[in-house]
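Participant: What follows is a structure written as structure tokens; I'll ask about it next.
The values are calculated or read from the model by the stated rules, or taken from the named source; none is laboratory data. Computed from a prediction, not measured in an experiment: that's the story for all the values here. Neighbour counts run over all protein chains shown; Cβ positions are idealised from the backbone, glycine included.
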Amino acid sequence: MSLIKGVNSSYDLQEMQQVFLTVGIKLTAEELFHLLEYQYRICQKLNWVETDNKKFKKIVLPFLHSGFIHTGNYMIVLKSIIYIYYTIRKKFDYHTTDDTISNFMCQEFIRYSGMNLESLSERTIRIIAKEGGQYRVEQSIPIYR
């Protein structure tokens, strides 16, 4: 039974539970569903289509091992990380890789000891732009009359 698109088997649930257990967090199926549903809703809100069904794991894994996510804050912090990731992803074109975004986000997260999430997006965008990241050019569809 699928929890949500992208999590197709109990193996995925067990795998994610194992990942979370490595940092002392006992993740329930309901919590995983909630986080994946949140990811889906953020993508919808930003008019973004996520095609990589393993992206959730790729986004959260570096942060789980940062030392600043624990049982008291993991749901709110991970939701913030997911939102910030997609906000940044939408700003930069394909020359900026997903790993680049995740790495810079995580470096800034650790640099500020997991605090100051409010400015994580802005700080990461500045770094990526300074490193040569190219902003996405929104193309409008011409209207013929």
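Participant: Among Thr100, Thr124, which is the only one that is buried (at least 19 other Cβ atoms within 10 Å of the Cβ), over 27 Å from Gln14 (Cα atoms) and of a type in the set (S, T, N, Q)? Let's see the steps before the verdict.
Facilitator: Values: Thr100 fails: buried (at least 19 other Cβ atoms within 10 Å of the Cβ).
Answer to the check: Thr124.
Participant: Shifting gears a bit: Of the residues Glu118, Glu138, only one is part of a loop (DSSP other than H, G, I, E, B) and modelled with pLDDT under 95; which? Don't jump to the end; show me each part of the working.
Facilitator: On the way: Glu118 fails: part of a loop (DSSP other than H, G, I, E, B).
Result: Glu138 is the single residue among Glu118, Glu138 that is part of a loop (DSSP other than H, G, I, E, B) and modelled with pLDDT under 95.
Participant: Now for a different question. Could you list, in sequence order, the residues of the range 33-46 that are in contact (Cβ under 8 Å) with a residue 12 or more places away in the chain and polar (S, T, N, Q)?
Facilitator: If we filter the range 33-46 for residues that are in contact (Cβ under 8 Å) with a residue 12 or more places away in the chain, which is where we start, we get 33-40, 42-43, 46.
The one that is in contact (Cβ under 8 Å) with a residue 12 or more places away in the chain and polar (S, T, N, Q): Gln39.
Participant: Only residues that are surrounded by 13 or more Cβ atoms within 10 Å (Cβ to Cβ) and either touching a residue at least 60 places away in the same chain (Cβ under 8 Å) or not small (Gly, Ala, Ser) (or both): list them for the range 16-32, please.
Facilitator: Met16, Gln17, Val19, Phe20, Val23, Ile25, Leu27, Glu31, Leu32 - these are the residues of the range 16-32 that are surrounded by 13 or more Cβ atoms within 10 Å (Cβ to Cβ) and either touching a residue at least 60 places away in the same chain (Cβ under 8 Å) or not small (Gly, Ala, Ser) (or both).
Participant: Say we look at the range 33-75 and pick out the residues that are under 24 Å from Gly114 (Cβ atoms) and β-branched (Val, Ile, Thr); which of these is surrounded by the fewest Cβ atoms within 10 Å (Cβ to Cβ)?
Facilitator: So the residue we want is Thr71.
Participant: Would you mind stating whether Thr51 is modelled with pLDDT under 95, under 14 Å from the mean Cα position of the chain (by Cα), among the hydroxyl-bearing types (Ser, Thr, Tyr) and more than 16 Å from Lys79 (Cα to Cα)?
Facilitator: yes
Participant: Another question, then. Taking the range 14-39, which residues are under 11 Å from the mean Cα position of the chain (by Cα) and farther than 17 Å from His70 by Cβ? Outline the logic, then answer.
Facilitator: Going residue by residue through the range 14-39, those that are under 11 Å from the mean Cα position of the chain (by Cα) are 35-36, 38-39.
Correct list: Leu36, Tyr38, Gln39.
Participant: Among the listed residues Tyr112, Tyr85, which satisfies the condition of being surrounded by 15 or more Cβ atoms within 10 Å (Cβ to Cβ) and within 19 Å of Val60 (Cα to Cα)? Walk me through how you get there before you give the answer.
Facilitator: Details: Tyr112 fails: surrounded by 15 or more Cβ atoms within 10 Å (Cβ to Cβ).
One residue alone meets the criteria, Tyr85.
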